[in-house]
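Remarks on the structure that follows.
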Amino acid sequence: MTFSCQRCGACCRWPGSVLLEAPDIEAAAAMLGVEEETFIAEHTVLARNRAQLTLRENADGSCGFLHPDGSCHIYAARPKQCRDFPHGWQVEGCTGLSS
């Protein structure tokens, strides 16, 4: 399977949590030019598993870093879970997948 991101944002609108690891927080905070503590306070919440942090979502359930045009505000520093898409997980409606 090959993948070419079409910037449709389907993966960023899919329900569920973007679980964060320490390197994810460090990279995103650096990209935004803020301290890690500030990033955590402004852009994360405690995940349902109560063991990790997850990115905040918009009211419609989409990722808080998703721009209206389907691009990601922190694409260069996106979390590992996002970088693993679509090889680690997939969603219906993704137009970038082909055999």
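The values are calculated or read from the model by the stated rules, or taken from the named source; none is laboratory data. Quantities reported herein were computed from a predicted structural model and do not represent experimental measurements. Cβ coordinates were reconstructed from backbone atoms using ideal geometry, including for glycine residues, and neighbour counts include every protein chain displayed. Remember, those area values only see protein heavy atoms, side chains included, never the ligands or the DNA or RNA. Shrake-Rupley method; radii C 1.70, N 1.55, O 1.52, S 1.80 Å.
The solvent-accessible area of Leu53, taken with every protein chain present and a 1.4 Å probe, is close to 50 Å².
Highest mean first, the peptides 8-16, 56-64 sorted by other C-beta atoms within 10 Å per residue fall in the order 8-16, 56-64. Between Val34 and Leu46, the modelled labels are 2.0 nm apart [label points 7 Å from Cα along Cα→Cβ].
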